[in-house]
Amino acid sequence: MNNTPQDLSRNKTSLPRSQRRGRGARIEARASRPTNGDGLQFNCRQTPAYNLLNEKALIKLEEQADWILEKIGIEFRGDTEALHLFQKAGAKVLGSRVHFEPGHVRALCATAPNAFQLHGRDPKNTITLGGHHIVLMPGYGSPFVTDLDKGRRYATLEDFENFVKLSHLSPWLHHSGGTVCEPVDIPVNKRHLDMVYGHLRHSTKPFMGGVTSIERAQDSIDMARLVFGTDFMKNNAVIQANINVNSPLVFDDTMSGVLRTYAAANQCVAVSPAIFGGAMGPVSQAAVIAQTLAEGMVGIALTQLIRKGCPVVFGSFHSTMNLKSGALTFGTPEANLSTMALSQLGRRLGVPVRSGGGQITSSNAADGQAMQDSAAAMWSTLMSGANQVWHAAGWLEGGLTMSYEKFVMDLDHCGMMLKMLQGISVDDEALGRDAYLETGPGQNFLSTAHTLRNFATANYQSELPDTGPFETWFEHGSKTAAERANIRWKALLTEYTPPTIDQSVDASLQDFMARRKASMPDEWY
């Protein structure tokens, strides 16, 4: 609220009692009030990362990764160019499998930057990946969406654009994401064009491009060049690629080819093994951690063989499984510990780290289970010192569904967690000696000058929770957190204003899309 203390006092007495609004009504109004997207964006941690493992354990994990790469190897299926590059660099290539001497892959990774900028269309939204910087982005890859009004359904381009708009408005998300949800109403071979355009038109934050084929990757890069300029992109990253390893220990020709395409353009490549203990790797977390490191390093090494200094992110996505049913489980203690260990290993590798966590859950609704899973996973993620956090908002059903209500609930929690990472200020103003002198023993501090100076910023001001008494909550409809979030996301979309874009640039983007779509028949699978 922007009211001064005098305004607040006037508001309380200016209306007859019969016309005054109760606390529950004020909460509902606050939930429906939109944000202008100009709030604080905490993008650098002040609290230190938690170092879970000691030096002996870290070395043992690194030695295990080297053992995997030497004795087992990594396969590059269908990509003779990648095999040739590794052989030329001194690796042992047997068919499609590549073996490395201990320390070789880590040495190849040494030219990757430890920090770099990923530019937004609006310079104020340019982010830094690496160091003490923290970047949050929405969920990725869901084919379904859900809300309290329409229920669960296949996602459309309208849904995709809605989530891009919500991400743009939020001060707590620094990155627009990638395939925030899959617009299944657009042909498979053409939807990447609409998604890249959606990010560029409806947001000014950094974003991710297409990765499902080399051609779609190149389209994404070409569209970014229309906005940022070819010369600028030669030396600056503006778009990011998500390269998933086909764990265990396989890069298919699509992923390695897309990796090479983005690396050749000097754009950001995030290499993210996805290992579920007991399925794509051994059931023990130490083995999953070492395998993740091995697979991730090989992908990073390939980027550097394509272009030394190519900006990269060491990523991971890991979870435990219910070994009775095979169902994935999220927010579990084992997976959270792995998140912490992998962030340590990434820092030792000397590259920015994408956490394996985020606000992830296997719950089918935005309920207590969803928020418990998400809070546990997000806590370990942020305490680990990760630089980039995917799936920070909206994720349900193990990633199958993006929820409008959970998206807004997660955003509120993102704000809380980012505020926590700022630590505690201990200075003369924070110690408030003048407040003690103004009052005295047995007196309250509500009206002191110190309180009036600091009340607006002293605590994180959450938009969604109803913290009043039961009677007031009951009188105003007994709304759950999800129901209040339903009000909130609708208000945000109603008040969204598209960011400006040069009309000639917009026309060039639309012309590019039209020409590319006309050049190929629709493909729906």
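The values are calculated or read from the model by the stated rules, or taken from the named source; none is laboratory data. Just so it is clear, the structure is predicted and the values come from calculations on it, not from any experiment. Heads up, the Cβs are rebuilt from the backbone with ideal geometry, glycines too, and the neighbour counts pull from every protein chain shown. When the accessible area is computed, the model is the full protein with side chains, heavy atoms only, and any ligands, DNA or RNA have been set aside. Shrake-Rupley method; radii C 1.70, N 1.55, O 1.52, S 1.80 Å.
Some values worked out for this structure:
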| read-out | value |
| --- | --- |
| Pairs where the first residue, in region 335-352, is closer than 16 Å to P113 by Cα and the second is of a type in the set (V, I, T) and open to solvent by 10 Å² or more (accessible area, probe 1.4 Å), C-beta under 6 Å, 6+ apart | none |
| Top-ranked residue in region 52-78 [being of a type in the set (V, I, T) and more than 16 Å from L349 (Cβ to Cβ); ranked as surrounded by the fewest Cβ atoms within 10 Å (Cβ to Cβ)] | I72 |
| Pick from region 337-355, criterion among the hydrophobic types (A, V, I, L, M, F, W, C) and closer than 13 Å to L129 by Cα, ranking: farthest from the chain's Cα centre (by Cα) | V351 |
| Boolean, G131 is open to solvent by 10 Å² or more (accessible area, probe 1.4 Å) and free of Cβ contacts under 8 Å to residues at least 24 places away in the same chain | no |
| Qualifying residues in region 497-525 (those that are surrounded by 10 or more Cβ atoms within 10 Å (Cβ to Cβ), hydroxyl-bearing (S, T, Y) and free of Cβ contacts under 8 Å to residues at least 40 places away in the same chain) - the one nearest to S170 (Cα to Cα) | T497 |
| The one condition in (1) of a type in the set (A, V, I, L, M); (2) part of a loop (DSSP other than H, G, I, E, B); (3) open to solvent by less than 20 Å² (accessible area, probe 1.4 Å) that A224 fails to fulfil | (2) |
| Selection within region 129-162 - touching a helix residue (DSSP H, G or I) at 6+ places or on another chain (Cβ under 7 Å) and part of a helix (DSSP H, G or I) | L157, F160, E161, N162 |
| T230 vs. criteria more than 20 Å from Y496 (Cβ to Cβ), modelled with pLDDT of 95 or more, open to solvent by 40 Å² or more (accessible area, probe 1.4 Å) and of a type in the set (V, I, T) | yes |
| Some residue of region 400-421 being of a type in the set (A, V, I, L, M, F, W, C) and in contact with a Cys (Cβ under 7 Å, 6 or more places away or on another chain) | yes |
| Residues satisfying the stated conditions in region 165-209, i.e. aromatic (F, W, Y) and open to solvent by 10 Å² or more (accessible area, probe 1.4 Å) | W172, Y197 |
| Selected residue [in contact with a helix residue (DSSP H, G or I) (Cβ under 7 Å, 6 or more places away or on another chain) and either at pLDDT below 95 or among the hydrophobic types (A, V, I, L, M, F, W, C) (or both)] from F455, F512 | F512 |
